[in-house]
Structures are given as C-alpha cells and as structure tokens.
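The values are calculated or read from the model by the stated rules, or taken from the named source; none is laboratory data. Not measured: the values here are computed from a predicted model. Don't worry about glycine lacking a Cβ; one is built from the backbone with ideal geometry, like all the others, and counts go over all protein chains shown.
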Amino acid sequence: MNAAAESFLERFEALALSPADFGHADHVRAAFAMLERYDFATACARYAGAIKAMAERAGAHDKYNATITFAFMSVIAERKAHAPDADFDDFLARNPDLLSKDILLSWYSKDRLSSPLARSQFLMPLTADAAG
C-alpha cells in the first residue's frame, strides 16, 4: 500500500475524515484499503465499525446499513482476489460499476436493502423466486 493510501486509511480508522466530504468513491477506497491491510473478517469488522461511527458522528444514526456494508465488502473482496496486485486506481478502472450506488440491486431488491432488518444485520440476497 502506498503512503497516500496508508494515510487515507489511518484517517478513516481514526474517524478524522469529514462525513460530509466522504462520498461513495471514498467508501470504495476505504474498503479496498482495509482489504489490503487486513484479512476479510477483520477488514469487514473494522470497516463496519468506522462507517457506523462516522454516520453516528454526522447525526445520521439511521443511515448505517449492515447489509449494504457487508455486501459491498464482499463484492470488492471477490473482485480484488481476481486482481491482487492492482492498486486502487487500476482496480477502479477494471471495476467502474463499483462507483454505482445501485450495484447491489443485481442481488437485492430495494425493499430488502432498505428494510430495518437490513440496517441492523447482514441479510443474504434472495433469488427472484425466493423474494416473492
């Protein structure tokens, strides 16, 4: 991991980044950096903790969504496994769809993703047949 990525990750984990300036691309960058530094389970736990704390610090207590957080981490980790030596810019160039907030709609309905249960715990995606 380069020095800029290290600095970004340290500021993210220290909650030193402004929630107002932390956009979707920053979420992807932080997830990527976490997966560079930690094994998957540790990266997920640390990332989720920081995202939840950032939302709470911004006064958006209901904004954190466990399903979105863990599903995004899973997609990023899987794609990263196919390009383990890529830096973030190369990774993003290969995976521009990660910048779409709607990427998870390939696996989840909007209702399932926005449900209170999805906010509090990770929900598995349902197939179209099972979603009913």
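Descriptive notes on the structure:
- Residues satisfying the stated conditions in segment 10-42, i.e. among the aliphatic types (A, V, I, L, M) and closer than 22 Å to PRO96 by Cβ: ALA25, VAL28, ALA30, ALA31, ALA33, MET34, LEU35
- Condition broken by ALA14, with the remaining ones in (1) at pLDDT below 95; (2) under 23 Å from GLN121 (Cβ atoms) satisfied: (2)
- Of the listed requirements (1) outside any loop (DSSP other than H, G, I, E, B); (2) closer than 21 Å to SER7 by Cα, ALA41 misses just one: (2).
- Across segment 60-86, the qualifying residues are those that are more than 19 Å from ALA118 (Cα to Cα) and among the small types (Gly, Ala, Ser), and the one among them that is nearest to the chain's Cα centre (by Cα) is ALA77.
- Neighbours by Cβ (under 7 Å, 6+ apart or cross-chain): first from segment 13-27, touching a residue at least 60 places away in the same chain (Cβ under 8 Å); second part of a loop (DSSP other than H, G, I, E, B): HIS24/LYS101
- With respect to the conditions (1) under 12 Å from the mean Cα position of the chain (by Cα); (2) surrounded by 14 or more Cβ atoms within 10 Å (Cβ to Cβ); (3) at pLDDT below 95, LYS101 lacks only one, and its number is (2).
- Residue list for segment 1-38, restricted to those being part of a loop (DSSP other than H, G, I, E, B), surrounded by fewer than 17 Cβ atoms within 10 Å (Cβ to Cβ) and within 15 Å of the chain's Cα centre (by Cα): GLY23, TYR38
- Condition check for ALA53: closer than 22 Å to ASP102 by Cβ, free of Cβ contacts under 8 Å to residues at least 60 places away in the same chain and either out of contact with any strand residue (DSSP E or B) (no Cβ under 6 Å at 6 or more places or on another chain) or not in a helix (DSSP H, G or I) (or both): no
- Residue in segment 83-97 that is in a loop (DSSP other than H, G, I, E, B) and crowded, with 17+ Cβ neighbours inside 10 Å present: yes
- Hey, MET54 surrounded by 13 or more Cβ atoms within 10 Å (Cβ to Cβ) and more than 26 Å from PRO125 (Cα to Cα) or not: no
- Criterion (of a type outside the set (Lys, Arg) and in contact with a Cys (Cβ under 8 Å, 6 or more places away or on another chain)) met by exactly one of PHE88, PHE70, PHE32: PHE70
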